[in-house]
Amino acid sequence: MKPTYSWLATAWLVAFSAASLSAGEFVGVFESPSEVSLRFAQAGRIGSVAVSAGDQVATGQILATLESDSDAAWARIQQARQEAADLWSAAAARSAAGQEARDRELRFRELDLEFRRLQATREALLIRAPTGGVVTKIQFQRGADILPGGPAVVTLQPINALFVSVAIPATDAARLAPGAGVRIQAGQPSQSGEGVVFRLDSHGPSPRALIRVENNQQQFVPGQTCRVSTSAAGAPTQIAEIDDFTPVR
């Protein structure tokens, strides 16, 4: 899925923000934490790549797979496991003899164990997105041979948590003190949220504030311009646990 924000709306915000900003409002740009490099857990030949550079993906989404002949076996075990579970439930529902119910349960547990073993093996053949983000690079395509510890197959830029970088006049630095709550508005009405000032860099002629924004709905994307308002209420938020963050430049 491609990012959904309108570049026209973003361009409008950039062009007219200087004239339309009120006191306590600033223009910022979304930045992302460092990119995540994703590799297969074992050697093999790539069977499929399900995404392209620029695609927006969700947590757990399959991005690429290795060729394997275990899929058919996994499907058979999955079906047999479900059938065994149904038989076990039916035996319990009709209050069948104790031995029959135990036999049904034993058969289910045997198949369940085999199912979980094959599932673990199958997961080693997949690359899943560890978090929501935007695919920035595809290094290999279908048919390529992969070795453990080699180059990343997929590079992902996380967007579940973003940071907004804001340049502010020195006279307004007090409005964006660390821990202060702010309101975020991007190019479309649905692209809004709240953030917390994470760091204030007051060195140099133009101070900058770094604002952490939760992006679990993935309504924002890196590089997008937004408007920051200091009107959000609320007590300062504890942010010490992310004090070592360095955004991508």
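The values are calculated or read from the model by the stated rules, or taken from the named source; none is laboratory data. Just so it is clear, the model here is predicted, and its values are computed rather than measured. Cβ coordinates were reconstructed from backbone atoms using ideal geometry, including for glycine residues, and neighbour counts include every protein chain displayed. Remember, those area values only see protein heavy atoms, side chains included, never the ligands or the DNA or RNA. Shrake-Rupley method; radii C 1.70, N 1.55, O 1.52, S 1.80 Å.
Odds and ends about this structure:
- Lys/Arg +1, Asp/Glu -1 at C-beta; region 81-211 dipole; positive extreme among I211, A85, G193: I211
- Amide H to amide H distances under 5 Å link A180 with V197, where only residues 5 or more positions off or on other chains count and H is placed in the peptide plane.
- Other-chain or far-sequence residues with amide H under 5 Å of F40's (modelled H): V153
- Carbon + sulfur, % of accessible area of region 100-189 - ligands and nucleic acids excluded, 1.4 Å: 53
- Placing unit charges on each Cβ (+1 for Lys and Arg, -1 for Asp and Glu) gives region 50-185 a dipole about its Cα centre, and among N160, L126, P148 the Cα reaching farthest toward its positive end belongs to N160.
- Built amide H within the under 5 Å cut-off of G223, gap 5+: F30, E31
- The residues of region 28-113 have, on average, 57 Å² of accessible surface per residue, using a 1.4 Å probe with all protein chains present.
- Cleavage-rule hits, trypsin sites (Lys or Arg not before Pro), region 92-175, DSSP coil, Cβ neighbours within 10 Å at most 15: R94, R142
- In Å, descending, principal axis extents of the Cα set of region 134-224: 58, 33, 19
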